[in-house]
1. Which residues, taken from segment B:202-233, are among the acidic types (Asp, Glu) and away from every other protein chain (no Cβ under 13 Å)?
2. For segment A:216-227, how many residues are among the charged types (D, E, K, R) and touching a residue at least 12 places away in the same chain (Cβ under 8 Å)?
3. Just to be sure I understand the filter: pairs with C-beta atoms under 8 Å, separated by 6 or more residues or on different chains, first member in segment B:153-182 and within 18 Å of B:His198 (Cα to Cα), second member among the basic types (Lys, Arg). Which pairs pass?
4. Just one of A:Thr144, A:Thr160 is more than 20 Å from A:Pro61 (Cα to Cα) and of a type in the set (Val, Ile, Thr); which is it?
5. Scan segment A:126-183 for residues that are β-branched (Val, Ile, Thr), closer than 30 Å to A:Ser220 by Cβ and more than 10 Å from chain B (Cβ to nearest Cβ) and report the count.
6. Quick one: is B:Thr152 buried (at least 17 other Cβ atoms within 10 Å of the Cβ), closer than 19 Å to B:Asn70 by Cα, out of contact with any strand residue (DSSP E or B) (no Cβ under 6 Å at 6 or more places or on another chain) and within 14 Å of another protein chain (Cβ to nearest Cβ)?
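The values are calculated or read from the model by the stated rules, or taken from the named source; none is laboratory data. As the structure is a prediction and not an experimental result, all values here were calculated from the model. Neighbour counts run over all protein chains shown; Cβ positions are idealised from the backbone, glycine included.
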Amino acid sequence: MRTSLTLKVIATAIAALLLQGCFHDGDSPPSSGTPPDDSPSLQRQFQVDVTNLTQNQAISPVAVILHRTAYQPFMMGEKSSMALEILAEGGDNNALLADANTNVEVFDTASGSAKIVVGASERFMLAGTSSEYQLSLAGMLVNTNDGFAALNGADVDQLTAGASITFYANVYDAGTEGNSEAASDLPGQGGEGFNAVRNDSDFIIIHPGVVSAIDGLETSVLDQSHRFDNPAMKVQVTRLQ
Amino acid sequence: MKNKHLALLALGVLASAPAMAQDLDIKLTNLTHGIYFTPILSAAHDVNTHLFMAGSAASSNLQMMAEGGNISGLSSDVQAVSGDVVENPADGLLAPGASVSFNMMTNNSNTQLTLVTMLLPTNDGFVGLDSLELPTVAGTYTYYLNAYDAGTEANNEIVLDGSGATGVLGIPAAPGGNAGTGGGGLTATESNTTVHIHRGNLGDGDLNGGASDLNNGVHRWLNPVAQLVITVN
């Protein structure tokens, strides 16, 4: 547990960096009676701590996105975007972040510096100026065909300064690649990452889990250690300002 | 967590104002990889009614739904206590990844929502929501539902025509067409005979034998198995 004093110190330390203004401008017209989106009183800074809770699934460098409710990285039961498919199949977050950075509903993004190994955490700082904030986040479980742990628009605008909230991220299946669990298809085993061919259901669902070779999937190279259950990731969000 | 905040808010509103009729838009999405939902029962009722409770034995009407997808008994139970029901809004099966949207009007004292639908192919698995206190403040609320096991039938994972009838061991149908035949049967016993969280299908890779008729690459799932979005108008 960090103390509020520590939080204040961190907040002060990063304020200078974050207030330089790399945010996107809000483009919603202010409604009467509410402050415009660029009011200093609506500036927020969030610290995001992401922890890998799985037994033996490294999580590819995560994409972290702070946005308004109008942005959504994916929808349950719908087709995956190409950018999300690239992340889910190959662990490459560049396209998803690039898409987000061109979206006017997105305030700020951050990229993981490397994969998050089991039990490890990574910290991110994001900022924006708005009356509504949601956090989305995604990283591939690298020993799956197209499984990714994600938050899909978690509300963080109720947080008071200094307060924290913890979310737990489930694992989704992008539906873009059949779950062969074969070494040649798993980036975590040196296999292929993104492939534009879609040979699965082509809609996003909760991942059915890893079967593994020992449990009877003949094409699988995975063992019992690669199995997982929900949730796969802990995400603690602290509002610094 | 937002849902929790909103639920608490709703509680406060309920405590200070009389319950009233509500106009709800409800959307249910199947989040599984290869499991179909049988006809759905959505029911609003008073606080004293439960169609099932985790840790308690299933009623015979719940068993009928969980083993064979027949919601008529549970629907009668709800209507007998002046509840509001929407039966079979998807007009049959709801496929993996598919959604159904429907409207529900609730009466004054029916402040709770229960939703059930059998999971196919399973022996006695169902999606369950037990007496959710309905939000009363206009807005959109999202919930995630788990898969329960009715505890009334051993999960032998053998597909057998006609086994939807109560007391006939087996899975009545595998709608996706990915199941096998000739399985030896996984188990003949059920350790927990109360309603509990389903342990999931096991399946195997042998379409012409093995222990299970189910397919380990198709018929497994992890919770949650459904997304429920309620819009209070």
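1. Of everything in segment B:202-233, just one residue is among the acidic types (Asp, Glu) and away from every other protein chain (no Cβ under 13 Å), namely B:Asp213.
2. Residues that pass the stated criteria total 1.
3. As it stands, the answer is B:Asn155/B:Arg199, since those pairs meet every condition given.
4. Answer to the selection: A:Thr160.
5. Adding up the residues that qualify gives 3.
6. Against the criterion (buried (at least 17 other Cβ atoms within 10 Å of the Cβ), closer than 19 Å to B:Asn70 by Cα, out of contact with any strand residue (DSSP E or B) (no Cβ under 6 Å at 6 or more places or on another chain) and within 14 Å of another protein chain (Cβ to nearest Cβ)), B:Thr152 does not qualify.
Residues are listed down the side, and each one gets a yes or a no for (1) touching an Asp or Glu at 6+ places or on another chain (Cβ under 8 Å); (2) at pLDDT 50 or above; (3) assigned to a loop (DSSP other than H, G, I, E, B):
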position	(1), (2), (3)
B:His5	no, no, no
B:Leu8	no, no, no
B:Leu11	yes, no, no
B:Leu14	yes, no, no
B:Ala19	no, yes, yes
B:Asp23	no, yes, no
B:Ile26	no, yes, no
B:Thr29	no, yes, no
B:Gly34	no, yes, yes
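Here's the yes/no breakdown for (1) farther than 30 Å from B:Asn216 by Cβ; (2) out of contact with any strand residue (DSSP E or B) (no Cβ under 6 Å at 6 or more places or on another chain); (3) at pLDDT 95 or above; (4) crowded, with 21+ Cβ neighbours inside 10 Å:
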{"site": "A:Ser136", "(1), (2), (3), (4)": "yes, no, yes, yes"}
{"site": "A:Phe148", "(1), (2), (3), (4)": "no, no, yes, yes"}
{"site": "A:Ile165", "(1), (2), (3), (4)": "yes, no, yes, no"}
{"site": "A:Asp173", "(1), (2), (3), (4)": "no, no, yes, yes"}
{"site": "A:Gly178", "(1), (2), (3), (4)": "no, yes, yes, no"}
